[in-house]
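Engineer: A single structure is presented below for examination.
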Ligand SMILES: NC(=O)c1ccc[n+]([C@@H]2O[C@H](COP(=O)([O-])OP(=O)(O)OC[C@H]3O[C@@H](n4cnc5c(N)ncnc54)[C@H](O)[C@@H]3O)[C@@H](O)[C@H]2O)c1
């Protein structure tokens, strides 16, 4: 897909971290970007900075996501690129010892279900609403390409750690969805890929740096090479390649400096 100012994109979670870096990379290439986020203040300011539009969207809510796409399309036309970075997830060990009660307890099923909704279901919601819009648009090139969907998984999908049953399970489900969705959409010329980031220096990780500098330092040292956390712009760079390169389809790609997560 030729990336230029004739294209529009939607980036969820675009107000922060990996979504923000993706939106920035797209905007730098001239693409009209709609920033979807629940963080209104940061989203409005950033969208203004990149000449895009902000849509206050909650990925957990079907009507909210539909309304966001309608607003983005009104402003920029049909999006041809969607980058889904927003996530709602929780943690918790399957069974853990509760010091307060002196007994073992398990993580509630409802908590796992909420993560499944915030990771897998929300990814499907965003991707399928985008795909429906793309299906009705003209092909962009001789291949018949109509659009590209980029989901965000995690290295945890393959090596989830202690306490990550919900998160790793959700991201694993995202990975498992990529190939069948690419196949579902093949006749429409819509590609689907996912990126599995290792550890990236985004606000949640920078929070760890503030709270426990030694843990943060350890995270960087655990990466074989380069011995540091990923830079959000390195994620943005892969987003651009996945959007640009028409032959990328049905893939889940690790972007992780060769890290393999230990049990904890
Ligand atoms: N940073 C990492 O090391 C890392 C590693 C692996 C995977 N990931 C994945 O990358 C993605 C982005 O993570 P990040 O580190 O950039 O996080 P981040 O916290 O910097 O950004 C997430 C954004 O999503 C928004 N958001 C949260 N709930 C939302 C909702 N219900 N609706 C709409 N927007 C909502 C937040 O306001 C925020 O702007 C996530 O899917 C995460 O699981 C990150």
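Engineer: Residues 67, 72: which one is crowded, with 24+ Cβ neighbours inside 10 Å, within 14 Å of the ligand (Cβ to nearest atom) and more than 25 Å from residue 231 (Cβ to Cβ)?
Structural biologist: Unique residue meeting the criteria: 72.
Engineer: To continue, here is another question. Going by the conditions given, is residue 118 surrounded by 13 or more Cβ atoms within 10 Å (Cβ to Cβ), within 15 Å of the ligand (Cβ to nearest atom) and at pLDDT below 95?
Structural biologist: Criteria not met by residue 118.
Engineer: Take the residues in segment 183-201 that are assigned to a loop (DSSP other than H, G, I, E, B) and over 18 Å from the mean Cα position of the chain (by Cα); name whichever of them is farthest from residue 91 (Cα to Cα).
Structural biologist: Applying the filter and picking the extreme gives 189.
Engineer: Condition check: more than 17 Å from residue 170 (Cβ to Cβ) and within 16 Å of the ligand (Cβ to nearest atom). Does residue 149 satisfy that?
Structural biologist: In short, yes.
Engineer: Out of 180, 204, which single residue is exposed (fewer than 14 other Cβ atoms within 10 Å of the Cβ), touching a residue at least 40 places away in the same chain (Cβ under 8 Å), under 20 Å from the mean Cα position of the chain (by Cα) and within 18 Å of residue 119 (Cα to Cα)?
Structural biologist: Every option except 204 fails the conditions.
Engineer: Let me ask something else about it. Condition check: within 14 Å of the ligand (Cβ to nearest atom), more than 17 Å from residue 255 (Cβ to Cβ) and assigned to a helix (DSSP H, G or I). Does residue 166 satisfy that?
Structural biologist: yes
Engineer: Scan segment 128-140 and give yes if some residue there is within 16 Å of the ligand (Cβ to nearest atom) and within 22 Å of residue 19 (Cα to Cα), otherwise no.
Structural biologist: So far as segment 128-140 goes, yes, one or more of its residues are within 16 Å of the ligand (Cβ to nearest atom) and within 22 Å of residue 19 (Cα to Cα).
Engineer: Suppose we filter 249, 245 for residues that are buried (at least 18 other Cβ atoms within 10 Å of the Cβ), over 30 Å from residue 95 (Cβ atoms) and away from the ligand (no atom under 12 Å from the Cβ); which single one remains?
Structural biologist: Matching residue, one of 249, 245: 249.
Engineer: Being within 15 Å of the ligand (Cβ to nearest atom) and touching a strand residue (DSSP E or B) at 6+ places or on another chain (Cβ under 9 Å) is the requirement here; does residue 177 meet it?
Structural biologist: Considered against the rule, which asks whether it is within 15 Å of the ligand (Cβ to nearest atom) and touching a strand residue (DSSP E or B) at 6+ places or on another chain (Cβ under 9 Å), residue 177 comes out as yes.
Engineer: Wholly within segment 56-146, which strands (runs of 3 or more DSSP E) include no fewer than the required count, namely at least 2 residues that are under 22 Å from residue 42 (Cβ atoms)?
Structural biologist: 81-84
The values are calculated or read from the model by the stated rules, or taken from the named source; none is laboratory data. The structure presented is a predicted model; accordingly, all values stated were derived computationally and were not measured. Note that we place each Cβ from the backbone using ideal geometry, even for glycine, and neighbour counts take in every protein chain shown.
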